[in-house]
Amino acid sequence: MKLTDLDVIVTSPPAPGWGGRYWILVKLTTDDGITGWGECYASSVGPTAMEAVIRDVFDRHMAGENPENIERMFRRAYSSGFTQRPDLTVMGAFSGLEIACWDILGKSRDRPVWALLGGLMNERLRAYSYLYPLEHHSLPEFWTSAEMAAESAADLVRRGYTAVKFDPAGPYTMRGGHQPALSDISMSMSFCEAVRDTVGDRADILFGTHGQFTTSGAIRLGKAIETFQPLWFEEPIPPDNMLEFRKVADAVRIPIATGERLTTRAEFGAVLQTGGASILQPALGRAGGIWEARKIAALAELYNAQMAPHLYAGPVEWAANIHLAASIPNLLMIETIETEFHSTLIKGAITVEAGFVPAPTAPGLGIEVDEAFARAHPYTGNGLHLQMQEEPCDYVNGNVFAGGAPPPPSDE
């Protein structure tokens, strides 16, 4: 069995775009006609440039290879360019292609991917979701309303979720870490209080920040919300200085979570070694793929750390996360996005049942991608999958973080 063909589809969910402006799907085919699907979670460059990188990685390191040889292909992609260090763009490309290889291997053996990773550890996977606006909520008001956030949290708890995430703490800015505005701290406390009062002890609250703050700013914010008992304080500082994570972890009585923007066990190992995080959140379409994420989970076990695979992408990466989660002993929970577009793209193959995802039983990733549907929704804009604003923190009028779905840039 050899890898022979690659196709790349860039599909775009409808506004407001939960899961990002676009998703990059890859389809691999073998010489005996087996197809596998993967998804690349990478936004360092636009989708046109990223497609070129994906094709280059495939042609150089994977074409003609047996899809079983995951480790060999990883080492080629990681090392051949005289690099041997983490690279978000190359590893993002490889990750999606690697996921597709596992889909092929599972289908060729008529077994789910988790069965090839050591077998089934978890029959039901605890899931969490962001607080998204309900039908009667208006945008952008939702993002600054603790009352609406509490209503959304109550809806998730009614549906069986035992954990909810929100991130009201100011701008998602390309300028790096900043000190939070006092109004942002106050709004964060209001959100935590409203959601905690609503869900009580029926659900954990997960506080996200997307690396917005300086070390001291993160500590100020973290101390302000400690009393509401968040389960985690997510990526409180930018991901490019792992030594500083330890300072936040030592100062704040909330577990630190990080990993959405990290890639390969080299970066995850570093944050474990420094004691900067106890909850790891790899995005499998960026972290190196399923096999690399399995290694990251094994490393985490040594440090008594837990795994919470991240999802701000499409349902193919979600499927990969689920198979990893089903196979590891140190799973905390998985991120889930429930939209009609996600479900239709994989023909309803994955469902959330009362806040939990059953381990798949179908071969491979256990999904069937609706290729025609994906192609019928091409991305036509010029923005990145996620795009930081250029404006700095507004200390006068306050700030709005649009929940991962900012308004489109002017060129779209």
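Here, each number is a calculation from the coordinates, and none is a lab measurement. If you're wondering where the values come from, they're calculated on a predicted model, not measured in any experiment. Here the Cβ is made from the backbone with ideal geometry for all residues, glycine too, and neighbour counts use every protein chain on show.
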**Long-range HN-HN contacts of Leu125 with modeled amide H, under 5 Å** = Val357, Ala359
**Message:** Check which residues have an amide H placed less than 5 Å from Gly364's amide H, if you skip close sequence neighbours.
**Reply:** Gly106, Lys107, Arg111, Val113
**Request:** Of the options Trp23, Ala181, Gly106, report the single residue whose Cα projects farthest towards the positive end of the charge dipole of the chain (beta-carbon charges: Lys, Arg +1; Asp, Glu -1).
**Result:** Gly106
**Asked** Once amide H atoms are built 1.01 Å from N in the peptide plane, which residues 5 or more positions from Gly288, or in another chain, come under 5 Å H to H?
**Response** Ser95, Thr264
**Request:** Pop out the ³J(HN,Hα) list for segment 227-241 in order, Karplus 6.51 cos²θ - 1.76 cosθ + 1.60 with θ = phi - 60°, rounded to Hz; leave Gly and Pro as x.
**Result:** 4, 8, 6, x, 6, 8, 10, 8, 6, x, 10, x, x, 8, 9
**Item:** Spin-label model distance (nm) - Ser183 vs Glu338, 7 Å beyond Cα toward Cβ
**Value:** 3.4
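For the ranges 331-338, 131-138, what's the packing order if you count other beta-carbon atoms within 10 Å of each residue, average per peptide, and put the highest first? Let's see the in-between values first.
On the way: 331-338: 21.6, 131-138: 14.2.
Ranked from most to least packed, the peptides come out as 331-338, 131-138.
When the dipole is taken about the Cα centre of segment 169-264, and only Lys, Arg (+1) and Asp, Glu (-1) are charged at their Cβ, what size is it in debye, to the nearest 20?
On the way: 9 positive and 12 negative charges, 41 e Å.
Charge dipole of segment 169-264: 200 debye, to the nearest 20.
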**Message:** Test of understanding: in a Gaussian network model of the chain with alpha carbons linked when under 10 Å, which of Leu284, Leu139, Leu221 would top the mean-square fluctuation ranking?
**Reply:** Leu139
**Message:** Quick test of the membrane-span-like rule: which DSSP H helices of the chain reach at least 20 Å along their long axis (C-alpha atoms) with mean Kyte hydropathy at least 0.0?
**Reply:** 88-109, 182-199
**Request:** Return the calculated 222 nm mean residue ellipticity for the chain, to the nearest 500 deg cm²/dmol, obtained by summing -39500 (n - 2.57) across DSSP H runs with n ≥ 4 and dividing by the residue count.
**Result:** -11000 deg cm²/dmol
**Part-to-part distance (alpha-carbon centres) for segment 152-176 and segment 87-134, which is given in Å** = 24
**Across Lys165/Lys223; Lys295/Lys347; Lys247/Lys295, pairs whose alpha-carbon gap is larger than 29 Å** = Lys295/Lys347
**Spin-label model distance (nm) - Leu120 vs Lys347, 7 Å beyond Cα toward Cβ** = 2.2
**Item:** DSSP-defined beta bridges in segment 115-365 - what % are antiparallel, rounded to 5
**Value:** 15
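Considering Cα pairs under 8 angstrom that are at least six residues apart, work out the relative contact order of the chain and quote it in whole percent. Don't skip to the end; give the middle numbers.
On the way: 930 pairs, mean separation 97.0, N = 412.
Relative CO of the chain lands at 24 percent.
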**Prompt:** Using mean Cβ contacts within 10 Å as the protection proxy, how do 252-265, 73-86 order, highest first?
**Reply:** 252-265, 73-86
**Message:** If the elastic network links every pair of Cα atoms under 10 Å, which of Glu244, Glu292, Glu391 fluctuates the most in the Gaussian network model of the chain?
**Reply:** Glu391
**Request:** Rounding to the nearest 20 debye, state how big the charge dipole of segment 115-365 is about its Cα centre with +1 on each Lys and Arg Cβ and -1 on each Asp and Glu Cβ.
**Result:** 620
